[in-house]
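No value in this document is a laboratory result; all are computed from the given coordinates. Please read all numbers here as calculations on a predicted model, not as lab measurements. No Cβ is skipped: glycine too gets one built from the backbone with ideal geometry, and neighbour counts run over all protein chains shown.
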Amino acid sequence: MNMPTPQAKFFTRKRWLIASASVVLVMLAVWLAVKPQRYHITDVARPQAIVLQAPTDEKQRWVDISVRITGKIDGKATIHSPFRGSSLEVKDSFDIDLGVMDCYSPQHPTEYVPHGVTNGWITIHYKFYDLSMMGELQREVARKRKSR
C-alpha cells in the first residue's frame, strides 16, 4: 500500500480549501443578488406613492414579484397595487403575504392611503424574480403551500 507523501497531502488539503472558499464566495454572491428588499413607510399618517424597484441589471428580464406587508397602525389604511388589480385594507397589527404576482417591469408602483392613522409602522418586503430564478421561485411557492 502506497502512503501519500507529505507534499501530496499538502496539495490535497490546499485544493480542498480553495474549493471550499470558492463555494462560499459563490453562495454569498447568489444571496446578495437575490436577497429580499424592504420598503419602510415611515410617515404612516400621510398618503404615499411608492415604487418598489428591482435591482438594476440590464441583462435580467423580470417576470414576477413576491410581496409581504407587515405593520402595526392605530387606524385603517388602503394599499393599492395596479399589478394586483385590487386594494387591500389593513388595520391594527397585520402580516399579509400577497404571494407571487406577474410583474414584467423592474418597477412595481404601489399606493398607500391612510384613513385616520396617526401612529405606527409598515414594512413592505418584496423580491423580484427573473427568468434565471424560476427554480427558486417554484421552491418558494411549494414551501408556502406546505406551510398552509
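Scanning the range 90-115 for residues that are part of a strand (DSSP E or B), over 16 Å from A49 (Cα atoms) and either within 16 Å of the chain's Cα centre (by Cα) or without any contact (Cβ under 8 Å) to a residue 24 or more places away in the chain (or both) yields K91, D92, S93, D95, I96, D97, L98, G99, V100, M101, D102. Inspection of the range 90-108 identifies no residue that is in contact with a His (Cβ under 6 Å, 6 or more places away or on another chain) and over 25 Å from S147 (Cα atoms).
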